[in-house]
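Asks: Have a look at this one before I ask anything.
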Amino acid sequence: MTGRGAGIALAFLLIAAAPSSTPVLRAQEWTHRTATFAQDLTQAPAECLARSGDDIEVGRALFRSTALFGGPAARVGLSCEACHAGGRINAQFHLAELSDAPGTVDVTSEWASKVRGDGVRNPVPIPDLVGVRDRASFGGKREPSLEVFVRGVIVEEFQGPVPTSAALRGLIAYLRALDPAACSVTPHPVTLATAADDVRRAVAAADGADSATASVLLYAAQDAVARIVERLPEPQFARDRAALTLLARDLGALRAGDVRVNLGDARTGWMARFDATVRRIGKREARTYFNPRVLARALR
């Protein structure tokens, strides 16, 4: 990940750490406003993940991170997860630059891509990615290779950096592990526990990756920390926001030099500090924006 990516991550953290009378949730930018807006921002489709493994964990972390994209998409905080929540369809996705109705996206938008932009506003329904392993072709051009298709989405559709071979392998493994048999029709709540689990899994995936991929995964972990910071109202959680922001910056520092060596030396201590902060927040989770009632009051 370049200095550009590190700067974006830090900017998100600083925005999230800034005092505000209203919540600062990136997802508000692309979530359709309805009478259930706060509830939509505090739940997600259950993840249809049938199995686990090192490559799958790499792909899972990157799927949820802004690390893959560039340009305007990265600046507003988009990720694969934003459109494909849990690998499914985010039926409430609605970004003015890309959508004409909830659950649609213009994959040839000039806003997102200088390469694929066609100058025509033509959003299409967001596809479900569950069961992608059984499909013979992908996208409107019927690309027969999932690897080529995914790389094209990252590099061409959203102006992202070329992923490392391990990162792309992980994404493909994750997508192929999304199984209809593992799905649930009941959405799951977005909680402190699920958000903290995303951080831990990204750091664990980085610990077993090559240095270049580990750097991107630590960026993904920074991004996941920022998503927790967003959910903590000021000024009640000023101490915890500051602690998490420092933890994210420390992850950024580990990305300089040999990431695997740096992380191997620091991971245990970093994780102990992170877990302690999460436990402290957990005692007052009902007062955070993980709670739809608290979020609804703030949105009003």
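Asks: Please list, in chain and number order, the residues 5+ apart from E143 or on another chain whose amide H is under 5 Å from its amide H, with Hs placed from the backbone.
Replies: Under 5 Å from the amide H of E143: F138.
Asks: Related question: Under the rule of at least 5 residues apart or a separate chain, name every residue whose amide H is placed under 5 Å from the amide H of V105.
Replies: V124, I126
Asks: Could you go through the stretch 141-153 in sequence order and give the Karplus-derived ³J(HN,Hα) for each residue, using 6.51 cos²θ - 1.76 cosθ + 1.60 with θ = phi - 60°, rounded to whole Hz, and x for Gly and Pro?
Replies: 8, 6, 5, x, 9, 5, 4, 5, 4, 5, 4, x, 4
Asks: Rounded to the nearest angstrom and ordered from largest down, what semi-axes does the equivalent ellipsoid of the stretch 37-97 get from its C-alpha gyration tensor (root of 5λ)? Display every interim value, and only then the final one.
Replies: Values: eigenvalues 88, 59, 13 Å².
Result for the stretch 37-97: semi-axes of 21, 17, 8 Å.
Asks: For S165 and D258 in one chain, what is 0.36 nm times their gap in residues minus the Cα-Cα distance, to one decimal in nm?
Replies: Values: separation 93, 0.36 × 93 = 33.48 nm, distance 1.81 nm.
Working it through step by step, the gained length comes to 31.7 nm.
Asks: In what sequence, highest mean first, do 255-266, 78-89, 105-116 appear when ranked by Cβ atoms within 10 angstrom? Display every interim value, and only then the final one.
Replies: Working: 255-266: 15.3, 78-89: 22.2, 105-116: 18.9.
So the order, starting with the most tightly packed, is 78-89, 105-116, 255-266.
Asks: Additional query: At q = 0.12, 0.28 Å⁻¹, what base-10 log of I(q)/I(0) does the Debye formula yield for the stretch 189-261 when every alpha carbon is treated as an equal point scatterer in vacuo?
Replies: With no solvent term, the Cα-only Debye profile gives -0.33, -1.22.
Asks: Normalised radius of gyration for the chain, please: alpha carbon Rg relative to 2.2 N^0.38 Å, two decimal places. If you can, show how the numbers build up before the last one.
Replies: Working: Rg = 18.3 Å, N = 300, 2.2 N^0.38 = 19.2 Å.
Normalised by 2.2 N^0.38 Å, the Cα Rg of the chain equals 0.95.
Asks: Ignoring solvent entirely, what values of log10 I(q)/I(0) come out of the Debye formula for the stretch 114-194 at 0.12, 0.15, 0.21 Å⁻¹ when each Cα is a single scatterer?
Replies: -0.48, -0.73, -1.14
Asks: Follow-up question, since we're still on this one. Apply the Kirkwood formula to the stretch 213-300: the hydrodynamic radius equals the inverse of the mean of 1/r over all pairs of different alpha-carbon atoms; give it in Å with one decimal. Display every interim value, and only then the final one.
Replies: Numbers: mean 1/r = 0.0717 Å⁻¹.
With all distinct Cα pairs of the stretch 213-300 included, I get 13.9 Å.
Asks: How are the C-alpha pair distances of the stretch 204-245 spread across 10 Å bins, as whole percents from the shortest bin up?
Replies: 30, 37, 24, 9
Asks: How high is the FRET efficiency between K141 and A91 when r is their beta carbon distance and R₀ equals 22 Å, given to the nearest 0.05? Provide the component values of the computation, followed by the final result.
Replies: Working: r = 25 Å, r/R0 = 1.13.
So the FRET efficiency works out to roughly 0.30.
Asks: Once you have the alpha carbon radius of gyration of the stretch 43-199, what is it after dividing by 2.2 N^0.38 Å, with N set to its residue count? Working shown, then result.
Replies: Numbers: Rg = 14.9 Å, N = 157, 2.2 N^0.38 = 15.0 Å.
Compared with the compact-globule rule of thumb, the stretch 43-199 sits at 0.99.
Here, each number is a calculation from the coordinates, and none is a lab measurement. Keep in mind that this is a model prediction, so the values were computed, not measured. Neighbour counts are summed over all protein chains in view; Cβ atoms, including those assigned to glycine, are modelled from backbone coordinates with ideal geometry.
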